[in-house]
Structures are given as C-alpha cells and as structure tokens.
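The values are calculated or read from the model by the stated rules, or taken from the named source; none is laboratory data. Computed from a predicted model, the values in this text were never measured in an experiment. Cβ: placed from backbone, ideal geometry, glycine included. Neighbour counts: every protein chain shown. These area figures cover heavy atoms from the full protein model, side chains too; ligands, DNA and RNA do not enter into them. Shrake-Rupley method; radii C 1.70, N 1.55, O 1.52, S 1.80 Å.
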Amino acid sequence: MKVGILGTGDVGKALGKAFITLGHDVKMGAREAGNPKAQAFASENGPRASAGTFADAARFGEIVVLATLGMANQSALEQAGAESFRGKVVIDTTNPLDYTKGMPPSLGIAGQDSGGEQVQRLLPGALVVKAFNTVGNAVFFRPQLPGGPPDMLFCGNDETAKKKVAGLLTEFGFNPTDMGGIEVSRYLEPMCIVWVLYGVRTGGWSHAFKLLRK
C-alpha cells in the first residue's frame, strides 16, 4: 500500500517508519520540495521511502496521514489541494494545540467544534478518521507496556474507512476502539491535554490509555 504523510515532525517520522516496517511505501510531504527533514527521512529509511511536497504526498497515498501542527492544518490541506484526497482514507493524528501561554497547551478549537471536524469540512470528499492523537509518538508502534496493549480510541463518519483504520491499529499493536462519528473529536482532542498533563507531572512520555471491560 502507498501511504502519504503530511508533516515532517516526530509524529510523521514515527508513523512513516512504522508503515515501512509493515511493508508499505511512504512518501513524506512538506511545504516545500527539498525539505531537509523529509529528505533525511527518505535517505534513512530505504527504497520504500521518498519525499516531496504536501501535494505530492497527498496524490501518492492510497491512505494519507495528516501529521502537521493542528493549528496549521487548514493551510497545509489547502496547499495540498482537496481533490488529492477525494475518496481516500485520511488519518488525522493532530490536535489543535495552542502554546501561546506556554506548557501545558490549551486547545485552540474547542466546544461545539474540533480539529477533526474541521479537517472533514476542508476535505469533503475524503474519509477522515481521527486516530493516534491520544498517545505520544514513542509508543505509536507495537507498544510494550505493562497490562497489555493499550486502546486506541478513534472516530470518523465512514464505517468502511474505520474498519480499514482499525485493521491498521491492530497491526500497530493497539486494541482499536471505535467511538463514533467525527464529532467525537471534540472529546478525543482534550484527551491529548490529559496525556500531556500526566507527562508533565511525571516526567515520562511513554504512557497510553486503556479502557477496562467486563
């Protein structure tokens, strides 16, 4: 499978490496062609890795991963072009974090809206699934944590797209937990703040959530 990744930060790099480990081809996109971080990712990860612009990565991917800064999603998606995402599953890993008042961040989009809903509105022809936003990149892939695999809470409007993402989450080592439509992003994005607060308090960043069931 071909995977396009928009974003050159730690989230994009960690997910890109994981997809390559699973045997997929990955193109990392940046705002500008020749971005040093994207080029380094391509050179460090072998023949299955390549680099380009946001538009290149969006066109390349059968699945596209949005891993930009959450508050910059609109400009990144507009640069990529909405038509490049039409009919594709888009995994939105982002949180609209506002660091203007320092750490911990607040949410720049909250209340009766969310970053996930905004992404779906910006990409009306895409099948957006919010996932990977409630855990840090250190435990994105096959996390080995006491108590067994953590849960990955995810949401989206299209059932077929969610089943595809659930399969990927299982391969990544999580228990996929479908929370409903994309509007559930209003609740999953604040969970990122809870995750950050625990990290700030403990000084550790390898924790994840687990939903206990009877």
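Computed from the Cβ-Cβ distance with R0 of 45 Å, the FRET efficiency linking residue 198 to residue 1 stands at 0.85.
Considering only DSSP states other than H, G, I, E and B, which GluC sites (Glu not before Pro) in the range 33-101 qualify as loop sites with at most 15 other Cβ atoms within 10 Å? Display every interim value, and only then the final one.
On the way: sites: 44, 62, 78, 83; in loops: 62.
Sites meeting the loop and neighbour criteria: 62.
Rounded to a whole number, what % of the accessible area of the range 1-149 do carbon and sulfur atoms account for, probe 1.4 Å? Before the final figure, lay out each step's value.
Numbers: 3270 of 6370 Å².
The nonpolar share, carbon plus sulfur, comes to 51 percent.
Select from 199, 73, 144 the residue farthest towards the positive end of the dipole of the chain; place +1 on Cβ of Lys and Arg, -1 on Cβ of Asp and Glu, and compute about the Cα centre. Toward the positive end, the furthest listed residue is 144. Between the alpha-carbon centres of the range 139-214 and the range 103-127 there is a gap of 17 Å. Pick out, in residue order, every one of the trypsin sites (Lys or Arg not before Pro) in the range 1-101 that is DSSP loop and has at most 10 other C-beta atoms within 10 Å; say none if there are none. Listed in order of number, the matching sites are 101. If the limit is 30 Å between Cα atoms, which of 17/130; 101/164; 27/101; 2/214; 13/101; 17/88 go over it? Among 17/130; 101/164; 27/101; 2/214; 13/101; 17/88, the Cα-Cα distance tops 30 Å for 101/164; 27/101; 2/214.
Taking the Cα centre of the chain as origin, sum charge times position over the Cβ atoms of Lys and Arg (+1) and Asp and Glu (-1), and report the length of that vector in debye to the nearest 20. Don't jump to the answer; show the numbers that get you there.
Working: 22 positive and 19 negative charges, 94 e Å.
Using Cβ point charges on Lys, Arg, Asp and Glu, the chain gives about 460 debye.
Computed with a 1.4 Å probe over protein heavy atoms only, the accessible surface of the chain comes to 46 Å² per residue. Between residue 211 and residue 43, what is the FRET efficiency for a Förster distance of 41 Å, r being their Cβ-Cβ separation, to the nearest 0.05? So the FRET efficiency works out to roughly 0.55.
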